[in-house]
Amino acid sequence: MAKNYRIGLIVPSSNTTMETEIPAMLGWRMKHMPEETFTFHSSRMRMMHVTPEQLKAMDTESDRCAVELSDARCDVLAYACLVAIMCQGPGYHQSSERRLSHIADENGGTKNVISSAGALIDGIRTLGAKRIALIAPYMKPLTKTVIEYIEAEGIEVTDSISLEIPDNLEVGRQNPLNLVDIVDRLDYSQADAVVLSVCVQMPSLEAIQKVEDKIGLPVLSAATSTVYQILKGLKLNTFVPNAGRLLSGAY
């Protein structure tokens with residue numbers, strides 16, 4: 001009999017990507033491992049425009065979301081908005097994860113809480129990368145904030161591209177396969193890995209393996225890193241086909 005795992009997602013109200021890319025990756029996995037099944041349960045925080053003000057206001061709603069998802073007795077909770085965490089200042093993913101874990105546990109739910117921000121940092125380190133190049137949909141000042149956060153974790157960002165899309169819905173409408181060409185504008189010559197989408201709202205899954213095969217470096221995203229952490233949190237092997245080296249099952 002298949003074992004089912006409940007995945008709880010804390011997402012911005014305007015996010016349309018995490019509830020497609022995470023189920024897609026775990027769906028690909030289920031084709032190889034039919035003894036595992038996954039269901040997905042979301043709670044939303046209000047946010048329409050990717051500005052520091054809206055991101056900070058949105059983050060305060062994450063506590064409510066953790067309570068709601070713990071009502072459903074999810075096996076793992078993922079706070080799926082990287083920039084909302086990173087704009088709060090260096091290291092905030094750790095305190096956010098601890099707080100939400102405590103809130104969920106107090107309500108009889110899981111202590112197993114991750115964030116896409118923490119997952120990306122961990123994913124880069126898991127690959128052994130000390131230098132990365134990245135692509136972000138944000139306006140340049142917000143990309144700078146993300147870079148500063150990553151570099152505060154001891155990871156050098158050698159180059160970046162900001163697509164400067166302020167509307168979060170528009171970010172979610174981007175064609176992921178455009179990244180196969182956009183990466184040609186990125187200087188990854190000094191990088192150990194490429195973060196194809198530092199934002200969980202910007203679709204990239206269809207391009208991850210294509211770009212990795214094209215450039216010969218490990219390619220990851222905030223979304224693939226989140227799935228890696230979800231699988232680790234569930235104590236499952238970390239294999240997802242065609243989703244880049246991080247999810248090859250080798251780590």
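The values are calculated or read from the model by the stated rules, or taken from the named source; none is laboratory data. These figures come from a predicted structure and were not determined experimentally. All Cβ positions, glycine included, derive from the backbone under ideal geometry; neighbour counts span all protein chains shown. Please note that ligands, DNA and RNA were not included when accessible areas were found on the heavy atoms of the full protein model with its side chains. Shrake-Rupley method; radii C 1.70, N 1.55, O 1.52, S 1.80 Å.
Tabulated results
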item	result
Residue in the stretch 213-236 that is among the hydroxyl-bearing types (Ser, Thr, Tyr), touching a Phe, Trp or Tyr at 6+ places or on another chain (Cβ under 8 Å) and open to solvent by 30 Å² or more (accessible area, probe 1.4 Å) present	no
Qualifying residue in the stretch 4-27 (condition: over 14 Å from Val200 (Cβ atoms), assigned to a helix (DSSP H, G or I) and touching a Pro at 6+ places or on another chain (Cβ under 8 Å))	no
Any pair with Cβ under 8 angstrom, 6 or more apart, that starts in the stretch 42-64 at a residue that is touching a residue at least 60 places away in the same chain (Cβ under 8 Å) and more than 21 Å from Cys74 (Cβ to Cβ) and ends at one that is open to solvent by 80 Å² or more (accessible area, probe 1.4 Å) and polar (S, T, N, Q)	none
Boolean, Gly108 is under 15 Å from the mean Cα position of the chain (by Cα) and under 22 Å from Tyr5 (Cβ atoms)	no
Subset of the stretch 135-159 [open to solvent by 40 Å² or more (accessible area, probe 1.4 Å), within 18 Å of Gln201 (Cβ to Cβ) and outside any helix (DSSP H, G or I)]	Met139
Residue among Leu186, Leu179, Leu236 that alone is touching a helix residue (DSSP H, G or I) at 6+ places or on another chain (Cβ under 7 Å) and not polar (S, T, N, Q)	Leu179
Verdict on Leu217 being assigned to a loop (DSSP other than H, G, I, E, B) and within 17 Å of Ile135 (Cβ to Cβ)	yes
Tally, over the stretch 200-251, of residues that are within 24 Å of Glu164 (Cα to Cα), under 14 Å from the mean Cα position of the chain (by Cα) and at pLDDT 95 or above	13
Yes/no for Ser189 being surrounded by fewer than 18 Cβ atoms within 10 Å (Cβ to Cβ) and not β-branched (Val, Ile, Thr)	yes
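Residues are listed down the side, and each one gets a yes or a no for (1) within 13 Å of Ala243 (Cα to Cα); (2) of a type outside the set (Gly, Ala, Ser); (3) out of contact with any His (no Cβ under 7 Å at 6 or more places or on another chain); (4) in a helix (DSSP H, G or I):
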| residue | (1), (2), (3), (4) |
| --- | --- |
| Glu164 | no, yes, yes, no |
| Glu170 | no, yes, yes, yes |
| Asp181 | no, yes, yes, yes |
| Ala191 | no, no, yes, no |
| Val194 | no, yes, yes, no |
| Ala207 | yes, no, yes, yes |
| Val211 | yes, yes, yes, yes |
| Thr224 | yes, yes, yes, yes |
| Val227 | yes, yes, yes, yes |
